1. When a/c is below 1.5 the answer is rounded, else prolate if a/b is larger than b/c, else oblate, so apply that to the stretch 98-168 with a ≥ b ≥ c taken from the square roots of the Cα gyration tensor eigenvalues.
2. Summing Lys, Arg as +1 and Asp, Glu as -1, what charge do residues with Cβ under 13 Å from the Cβ of R71 carry, R71 excluded?
3. Within 10 Å of each residue's Cβ, count the other Cβ atoms and sort E92, E61 from fewest upward.
4. Report, in deg cm²/dmol and to the nearest 500, the calculated mean residue ellipticity at 222 nm for the chain, where each DSSP H run with n ≥ 4 adds -39500 (n - 2.57) and the sum is divided by the residue count.
5. Take the alpha carbon gyration tensor of the chain, find the square roots of its eigenvalues, order them as a ≥ b ≥ c, and report rounded if a/c is under 1.5; if not, report prolate when a/b exceeds b/c, else oblate.
6. Using +1 at the Cβ of each Lys and Arg and -1 at the Cβ of each Asp and Glu in the stretch 36-122, identify which of F37, P105, S86 lies farthest towards the dipole's positive end.
7. Are any of the pairs K17/K68; K138/K213; K138/K177 more than 25 Å apart by Cα-Cα distance, and if so, which?
8. Full-extension gain between L49 and D198, please, as 0.36 nm times their residue separation minus the C-alpha to C-alpha distance.
Amino acid sequence: MKDATIKSAAVKYAAVKYAVVQLPSTSDVALDYGEAFVPSLRHPFYAFLGARPFLAQHTAEEHAALKKWARGRSTIVEIGVAEGVSALALREGMSAEATLHLIDPFHLSRVPALNFVKRSAHRAVATCPRGKVVWIEKFSSDCAKQWHLPIDLLLIDGDHSERGVRRDWDDWSGFVKPGGVVIFHDARLFQGGWTTPDYGPIRLVDGLFRTQKIPGWSIVEELHSLVVVERRA
Ligand SMILES: C[S@@+](CC[C@H](N)C(=O)[O-])C[C@H]1O[C@@H](n2cnc3c(N)ncnc32)[C@H](O)[C@@H]1O
């Protein structure tokens, strides 16, 4: 990549903190970020440099919903952080007294010593100073073994296999307080969306909350790929 291209992109995107997914989006492999993103700068190194915005894996409406659900909640946990834009949404919404726990092993980097996804995530989340953030660089199942805090909001967006999402549900849902919520991402089909019926979160959410209707939980919001379930008081 030429220096001039990087410099001009950095100037162009200086005011754009993050880019959200544009709809319609028929595949999660080639998410569209519209004008806010030069595809040749896809590598997270360019986000770290500031030559492109941090890339969300959600829509603007989902971003606003995450912010809204974080409001007034004290202990917030996100499983699956990537470049940190959903974590940023939660931090933007939460109160100054809240703590946001971010769980991701950041294991997908081709050069673990550099790990620009992790570095970008730290930079993205630091753009909002609200409350406290605790980074946990582990797989969610390993982290669950030592977890002990009651949770107000849990966002599940890590391992998307049906087995992986079920494991997150089994490991973590017991920690959610009555009145607390679990938000699943990539968990429903929607107009112009990228999800397909074989997605792990869709299968799990349909099974638990539509077919089985497990006691003590109910769906309280569905928006684009998000499904929010609340533990009844
Ligand atoms: C779909 S991305 C998350 C997108 C992010 N929430 C957003 O909206 O911008 C999935 C992330 O989950 C992480 N991940 C995969 N398996 C995981 C696991 N078992 N525990 C925690 N994180 C995991 C990956 O490293 C990746 O960063």
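1. oblate
2. +2
3. E61, E92
4. After summing the helix terms and dividing by the residues of the chain, the value is -8500 deg cm²/dmol.
5. Prolate.
6. Result: F37.
7. Table pairs above 25 Å Cα-Cα are K138/K213.
8. 50.0 nm
Values quoted throughout were computed directly from the atomic coordinates according to the rules given, and no laboratory measurement underlies them. In this text, all values refer to a predicted model and were calculated from it rather than measured experimentally. Reconstructed Cβ throughout: ideal geometry from the backbone, glycine too, with neighbour counts over all protein chains shown.
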